[in-house]
Amino acid sequence: MRLDKFLSVTATCSRSEAKAAAKAGKISVDGVVIKDTSFQLDENTANVVYCGKKIEYKQFTYIMLNKPQGYVSSTDDPKQKTVLELLPENFKKLGLFPCGRLDIDTTGLLILTNNGQLAHRLLAPKYHVDKTYFFTCYPPLDESSASALEKGVDIGEKSLTRPASLKYESDGTQGTITVSEGKFHQIKRMFHAVGSEITSLSRVEFAGIPLDEKLKKGEWRFLSKTEEDLLESAGDF
Ligand code: URA
């Protein structure tokens with residue numbers, strides 16, 4: 001692989017930044033300063049240091065994003081801002097896409113990856129990946145609507161929704177709900193089916209991975225190795 005491609009697919013920097021850094025003698029491969037970014041290396045074994053930092057090669061990239069309102073969960077859209085616009089410019093070439101969709105007005109945890117096979121498995125209806133949302137709603141839930149949500153409700157699909165788990169405040173206006181399906185507007189339709197409406201929705205956990213509380217809205221970070229393993233195992237059975 002060319003050095004500039006290596007730096008680009010590891011999301012280290014753009015090709016032009018790589019060129020400038022190489023010219024300035026800030027890139028080394030196996031201890032030798034490399035000034036030409038067309039230099040060929042073996043991505044699996046080369047020890048690449050960029051501006052003093054060792055760059056690990058990974059076949060796939062996994063990102064956790066705290067999605068703000070006003071962004072669509074797709075890779076491009078003619079009219080709306082996409083979640084990809086919240087990532088650095090040089091990530092564009094990585095081929096990242098969101099693992100599932102959050103509505104434009106839903107906030108919270110969105111995982112993006114370029115591991116197409118895994119993302120496909122995580123989204124396939126038969127895999128039942130758990131997703132937890134913090135909600136506010138109105139009119140408030142009462143015991144019977146809450147219990148209906150837990151057991152399964154009719155949202156106009158072939159079958160009732162799968163059992164959900166629900167925790168809510170005694171006044172019924174907010175709480176968390178965990179579902180193992182991801183149908184279009186799933187949570188909003190479930191609440192509507194029991195006579196309530198969602199007034200705000202934020203995903204706080206996906207496949208056992210909680211949203212990092214340190215991430216402000218619009219901020220992102222790479223998944224840790226443990227989180228990557230959780231994701232892999234959620235798409236594993
Ligand atoms: N359910 C919804 O209704 N909207 C989302 O964005 C996610 C789940």
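Tabulated values for the structure
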| read-out | value |
| --- | --- |
| Lone unmet requirement of (1) touching a strand residue (DSSP E or B) at 6+ places or on another chain (Cβ under 6 Å); (2) of a type in the set (S, T, N, Q); (3) within 13 Å of the ligand (Cβ to nearest atom) for SER180 | (1) |
| Residue within segment 149-156 that is farther than 21 Å from LEU86 by Cβ and in a strand (DSSP E or B) present | no |
| Segment 178-190 residues that are not assigned by TED's automatic domain parsing to the domain that holds THR106, paired with ones that are among the hydroxyl-bearing types (Ser, Thr, Tyr) and loosely packed, with under 15 Cβ neighbours inside 10 Å (beta carbon under 9 Å, 6 or more apart) | THR178/SER165; VAL179/SER165 |
| Pairs where the first residue, in segment 124-144, is part of a strand (DSSP E or B) and the second is of a type in the set (Gly, Ala, Ser), C-beta under 6 Å, 6+ apart | PHE134/SER202; THR136/SER200; CYS137/SER196 |
| Residue list for segment 92-123, filter: within 16 Å of the ligand (Cβ to nearest atom), modelled with pLDDT of 90 or more and out of contact with any helix residue (DSSP H, G or I) (no Cβ under 8 Å at 6 or more places or on another chain) | ARG101, LEU102, ILE104, ASP105, THR106, THR107, GLY108, LEU109 |
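The values are calculated or read from the model by the stated rules, or taken from the named source; none is laboratory data. Only a predicted model underlies this, so the values are computations on that prediction, with no experimental measurement involved. We place every Cβ from the backbone using ideal geometry, glycine too, and count neighbours over all the protein chains shown.
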